[in-house]
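Please read the structure below before turning to the comments.
Taken together, the values in this text are just the output of simple stated rules run on the coordinates, not laboratory data. Worth saying up front: this structure is predicted, and the values here are computed from it rather than measured. Cβ placement follows ideal geometry from the backbone for every residue including glycine, while neighbour counts extend to all protein chains displayed.
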Amino acid sequence: MKTGIITGTGKGIGLSTLKLLLKNKYKIISITKTKTKEVDRLFKDKNFIKNIYHPLGDNLLEDKKLVHEIYKKHKIDFMVCNAGVRHRDSIQKMNLEKRSYTLNVNFHSNVVIIEEFLKYFKKKKTSTSIVCISSIVGNLGFKDLSSYASSKMALEGFLKSVAVEYARKNVRINLIAPGFIKSSYYNNFIKKQKNLNKWIIGRTPMGRWGKPDEVSNVIEFLISEKSSYITGSTIYVDGGWNVS
Ligand SMILES: NC(=O)c1ccc[n+]([C@@H]2O[C@H](COP(=O)([O-])OP(=O)(O)OC[C@H]3O[C@@H](n4cnc5c(N)ncnc54)[C@H](OP(=O)(O)O)[C@@H]3O)[C@@H](O)[C@H]2O)c1
C-alpha cells in the first residue's frame, strides 16, 4: 500500500483526508501545527506511521530539516500539501509582515517540502503524486484576500512548471481549488457574516457550501492510479462557482 505525507491534519479538509486515507489503508505521516485529541486518537491506527506537530512556514530551514529526515527513512509515494492560512485584510491594513507569513505558510513551505522531496526522488513504475490545495481565490479576485490570493497563485505557477519538468519521470503534480467548504471556520462565519453567507449561497450554482469529504474524495482520486494521465491540472471542487 502507498505511503504518503499529509500536512495540516488537525481540522477541516486535512483531518477529513487523514481519516479517509487511513480507512482505505494508506500509510500516513502527518505534519500539523497544533496537538488535537482527534489526531492523537487516530494515531492508534497501525497505518498511521508518524505524527509530527510542527508549524510549517515559521522557519523554512527547520521545515527543510524535518522533511529531509522523513525522506531519508521512508519511501514516499504521495504528498498532500494541505496546510494553509487564510488572511483577510484590506490592502490599506496589509503590511509586509502579515503578507510574508501567509506566503511562507501557503507557498514557501510547500516549495521547500516538494523541492527537498524531488532531491530524493527515484523514478518508479507506479506514479508518484503530489496534490496541493489552492483555492478559487486567486484565479478570481476577492475583496480583502489579496495576500491569500497571491500565495495560492504563486503555488499554482510553481507547481505547473514542476509538473512539466517531472512529467516524464512519472511524478504527477496537481492542484485542487475548493470553493466554500464547511471546515473549521464555517460555524463562526455563518454566525458573524450572515450577509456574506447569503451572497455565497446565491452565487454558488449548486446553492450550498461543500463538505470536507467532497474535497478528500478528489484528493484520493488524484493520489491513486485512477488519475494516471492527469498532471499539471487544477481541479475545481466549488459547486460550479468558477464557471458561473
Ligand atoms: N475551507 C475552505 O473553504 C477552503 C477554500 C479554498 C481553499 N482552502 C484551502 O484548503 C486547505 C485546508 O483548509 P481548511 O479550511 O480545511 O482549514 P482549517 O480548517 O483551518 O484546517 C487547517 C489545518 O492546517 C493546520 N495548519 C495551519 N497552518 C499550519 C502550519 N503553518 N503548519 C502546519 N499545520 C498548519 C491547522 O492547524 P491549527 O488548527 O493548529 O491552525 C489545521 O489543522 C488550506 O490550504 C486552505 O487555504 C480551504
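Condition check: within 14 Å of the ligand (Cβ to nearest atom) and out of contact with any Lys or Arg (no Cβ under 9 Å at 6 or more places or on another chain). Does LYS37 satisfy that?
Considered against the rule, which asks whether it is within 14 Å of the ligand (Cβ to nearest atom) and out of contact with any Lys or Arg (no Cβ under 9 Å at 6 or more places or on another chain), LYS37 comes out as yes.
Is region 175-193 home to any residue that is under 22 Å from LYS2 (Cα atoms) and within 15 Å of the ligand (Cβ to nearest atom)? Quick ask: steps written out before the conclusion?
Of region 175-193, the ones under 22 Å from LYS2 (Cα atoms) are 175-176.
In the following step, the residues that additionally are within 15 Å of the ligand (Cβ to nearest atom) were identified as 175-176.
Yes, some residue in region 175-193 is under 22 Å from LYS2 (Cα atoms) and within 15 Å of the ligand (Cβ to nearest atom).
Going by the structure shown, is GLY202 under 28 Å from LEU22 (Cβ atoms) and over 18 Å from the mean Cα position of the chain (by Cα)?
So GLY202 does not fit the description; no.
Can you tell which of LYS160, LYS192 is under 22 Å from ARG86 (Cα atoms) and of a type in the set (Lys, Arg)?
Testing whether each residue is under 22 Å from ARG86 (Cα atoms) and of a type in the set (Lys, Arg) leaves just LYS192.
Take the residues of region 20-34 that are without any contact (Cβ under 8 Å) to a residue 60 or more places away in the chain and within 14 Å of the ligand (Cβ to nearest atom): which is farthest from ASN104 (Cα to Cα)?
Ranking the qualifying residues of region 20-34, first place goes to ILE29.
Return the pair list, or none, for Cβ contacts closer than 8 Å from residues in region 192-213 that are touching a residue at least 24 places away in the same chain (Cβ under 8 Å) to residues that are basic (Lys, Arg), at least 6 apart or on different chains.
Short answer, once both residue conditions are applied: TRP209/LYS182; GLY210/LYS182; LYS211/LYS182; PRO212/LYS182.
Can you tell me which residue is farthest from the ligand (Cβ to nearest atom) among those in region 73-88 that are surrounded by fewer than 15 Cβ atoms within 10 Å (Cβ to Cβ) and under 19 Å from the mean Cα position of the chain (by Cα)?
First, pick out the residues of region 73-88 that are surrounded by fewer than 15 Cβ atoms within 10 Å (Cβ to Cβ): 73, 75, 86, 88.
Within this subset, residues satisfying the condition of being under 19 Å from the mean Cα position of the chain (by Cα) are 86, 88.
Numbers: ARG86: 6, ARG88: 12 Å.
For region 73-88, the residue satisfying everything is ARG88.
Let's see how each residue does on (1) within 21 Å of LYS211 (Cβ to Cβ); (2) in contact (Cβ under 8 Å) with a residue 60 or more places away in the chain; (3) more than 15 Å from the chain's Cα centre (by Cα); (4) within 9 Å of the ligand (Cβ to nearest atom):
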{"position": "GLY14", "(1), (2), (3), (4)": "yes, yes, no, yes"}
{"position": "ASN51", "(1), (2), (3), (4)": "no, no, yes, no"}
{"position": "LEU56", "(1), (2), (3), (4)": "no, no, no, yes"}
{"position": "TYR71", "(1), (2), (3), (4)": "no, no, yes, no"}
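Filter region 124-158 down to the residues that are in contact with a Leu (Cβ under 6 Å, 6 or more places away or on another chain) and among the hydrophobic types (A, V, I, L, M, F, W, C) and list them by number.
VAL131, CYS132, VAL137 - these are the residues of region 124-158 that are in contact with a Leu (Cβ under 6 Å, 6 or more places away or on another chain) and among the hydrophobic types (A, V, I, L, M, F, W, C).
Working only within region 1-20, note down all residues that are of a type in the set (A, V, I, L, M, F, W, C) and surrounded by fewer than 22 Cβ atoms within 10 Å (Cβ to Cβ). Walk me through it before giving the result.
Applying the first criterion (of a type in the set (A, V, I, L, M, F, W, C)) to region 1-20 yields 1, 5-6, 13, 15, 18, 20.
Of everything in region 1-20, those that are of a type in the set (A, V, I, L, M, F, W, C) and surrounded by fewer than 22 Cβ atoms within 10 Å (Cβ to Cβ) turn out to be MET1, LEU20.
Residues to consider are SER151, SER134, SER147; find the one that is in contact with an Asp or Glu (Cβ under 6 Å, 6 or more places away or on another chain) and buried (at least 20 other Cβ atoms within 10 Å of the Cβ). I'd like the intermediate steps shown before the answer.
On the way: SER151 fails: in contact with an Asp or Glu (Cβ under 6 Å, 6 or more places away or on another chain); SER147 fails: in contact with an Asp or Glu (Cβ under 6 Å, 6 or more places away or on another chain).
None of the other options fit; the residue is SER134.
State the number of residues belonging to region 21-54 that are in a helix (DSSP H, G or I) and either of a type in the set (Ser, Thr, Tyr) or buried (at least 17 other Cβ atoms within 10 Å of the Cβ) (or both).
Residues meeting the conditions: 4.
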